[in-house]
Each structure stands twice: as structure tokens, then as C-alpha cells.
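Below you'll find the structure, written out as C-alpha cells, and then a few comments.
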Amino acid sequence: PGTTVSVPAPVVAQQSPRAAFLRSYWRLIVLACAVLSYNLILWSDWAQKYRSGVYASNPSLEIAWQLVWLLLAVAATVLNAALDFVLCGLVSSVLYLCFVAACMVELAELTRL
């Protein structure tokens, strides 16, 4: 008695194996990129000073600038990467450990001079 309307099934796009792999590990990829980019900034600054032999007369100012970079890196990663709380804590801890390592190297180099 009534008419039936058939709705076509949605077309499901095929995923490539690479896209499926990246989708399953995207949070770890973001975490690794954040740590890598922070370390590139941190250690390139130290390498530039080491090669030129120019160190700041005020080492606490150098550490303060490195601390500013740390705070920017943590804020950008935690607020913009949509990570879980555990990953936010992990990336913050790893970035802080990189900061401590760089400060130790910087202070060791300054005391050597």
C-alpha cells in the first residue's frame, strides 16, 4: 500500500595502510615532533655559542631565555596538540629533562671558561 524509499549506503573511502598506521600513532608522532623541535632550538643555540666562543656574561640570563623557550614549547604542545593528560604530563616531563640537561651543559661550559 505505501511506497518505500531506498537510501543508498554511504560510500566508505578506502584507507591506505600508511594512513591507518599514522592515524593509530598520531599522538606519539606529535609528542616526538614537539621534543625534537624543542631540542633543535635548545641545542642549536648552545652549538652556535660553542663554535663562536661567545658566552653570555650573565649565565642566569641564558638560563632564563632557555626557560622561556621551555614554557613556550610546553604551552604550545599541551594546549594545541589535543593530547591525553598522561601524554601531556609525559611531554612536559621530557621537555623539562631536556631543559635541565641543556642547563647543566651550559653551566659546565661556563665554569670551564
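Structure notes:
- The residues listed here are Leu83, Leu110, Leu87; of these, the one that is at pLDDT below 90, open to solvent by less than 70 Å² (accessible area, probe 1.4 Å) and not in a helix (DSSP H, G or I) is Leu83.
- Residue pairs meeting the criteria (Cβ under 9 Å; at least 6 apart or on separate chains; first aromatic (Phe, Trp, Tyr), in segment 86-108; second open to solvent by 60 Å² or more (accessible area, probe 1.4 Å) and at pLDDT 85 or above): Phe99/Leu67; Phe99/Trp69
- Of the residues in segment 20-27, at least one is touching a helix residue (DSSP H, G or I) at 6+ places or on another chain (Cβ under 9 Å) and either assigned to a helix (DSSP H, G or I) or at pLDDT 85 or above (or both).
- Total residues in segment 57-72 satisfying the condition of being assigned to a helix (DSSP H, G or I), surrounded by fewer than 12 Cβ atoms within 10 Å (Cβ to Cβ) and modelled with pLDDT under 75: the figure is 2.
The values are calculated or read from the model by the stated rules, or taken from the named source; none is laboratory data. Model, not experiment: these values are computed from the prediction. In this analysis, Cβ positions are derived from the backbone assuming ideal geometry, glycine residues included, and neighbour counts consider all displayed protein chains. Side chains included, ligands, DNA and RNA excluded: accessible areas come from the protein's heavy atoms. Shrake-Rupley method; radii C 1.70, N 1.55, O 1.52, S 1.80 Å.
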